[in-house]
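Quick notes on the structure that follows.
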Amino acid sequence: MAEQPFKKHGLNLDSRERLTATGIRRVDFFSDELITAQTDLGQLNIKGEELHIESLDSDSGDMLVKGKVGAVSYTESSPTLSFFGRLFK
């Protein structure tokens, strides 16, 4: 299986109501209070109120989020553990 090329990642936040992100690999979770997405630079966490993903282009990695953004943070990516790896951690 061929490795996917690195996607350039960027964020733009306008008035804490409109967040544009590039370089999104996938969205792992979303609710009206939290969105988590994977980038090549780690997991992106967007917290707020009334959040919704307006658009997501899986080919280009562009995502538009609207709502009241309260915090944006990153969590370093770690290798996914197998079932037994998580069990005996």
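Mind counting the residues in the range 30-42 that are out of contact with any Lys or Arg (no Cβ under 9 Å at 6 or more places or on another chain), modelled with pLDDT of 95 or more and in a strand (DSSP E or B)?
2
Assess whether residue 37 counts as being surrounded by 17 or more Cβ atoms within 10 Å (Cβ to Cβ) and small (Gly, Ala, Ser). Lay out the reasoning, then the answer.
Working: surrounded by 17 or more Cβ atoms within 10 Å (Cβ to Cβ): yes; small (Gly, Ala, Ser): yes.
Spelling it out, residue 37 is indeed surrounded by 17 or more Cβ atoms within 10 Å (Cβ to Cβ) and small (Gly, Ala, Ser).
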* **Tally, over the range 47-75, of residues that are without any contact (Cβ under 8 Å) to a residue 24 or more places away in the chain and outside any strand (DSSP E or B)** => 1
* So, in the range 13-33, of the ones that are loosely packed, with under 14 Cβ neighbours inside 10 Å and touching a strand residue (DSSP E or B) at 6+ places or on another chain (Cβ under 6 Å), which residue ends up farthest from residue 51 (Cα to Cα)? -> 26
* To do: Take the range 1-13 and flag every residue that is over 13 Å from residue 72 (Cβ atoms) and either aromatic (Phe, Trp, Tyr) or at pLDDT 95 or above (or both).
  => 6
* **Test set (1) touching a residue at least 40 places away in the same chain (Cβ under 8 Å); (2) assigned to a strand (DSSP E or B); (3) open to solvent by less than 60 Å² (accessible area, probe 1.4 Å) - residue 7 fails condition number** => (2)
* Restricting the first residue to the range 24-46 and requiring it to be farther than 19 Å from residue 70 by Cα, which pairs with a second residue that is in a loop (DSSP other than H, G, I, E, B) and of a type in the set (Asp, Glu) meet a Cβ separation below 6 Å and a spacing of at least six or different chains? -> 42/76
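The values are calculated or read from the model by the stated rules, or taken from the named source; none is laboratory data. All values derive from a computational prediction rather than experimental measurement. Glycine gets a Cβ as well: all are built from the backbone with ideal geometry, and neighbour counts include every protein chain shown. Remember, those area values only see protein heavy atoms, side chains included, never the ligands or the DNA or RNA. Shrake-Rupley method; radii C 1.70, N 1.55, O 1.52, S 1.80 Å.
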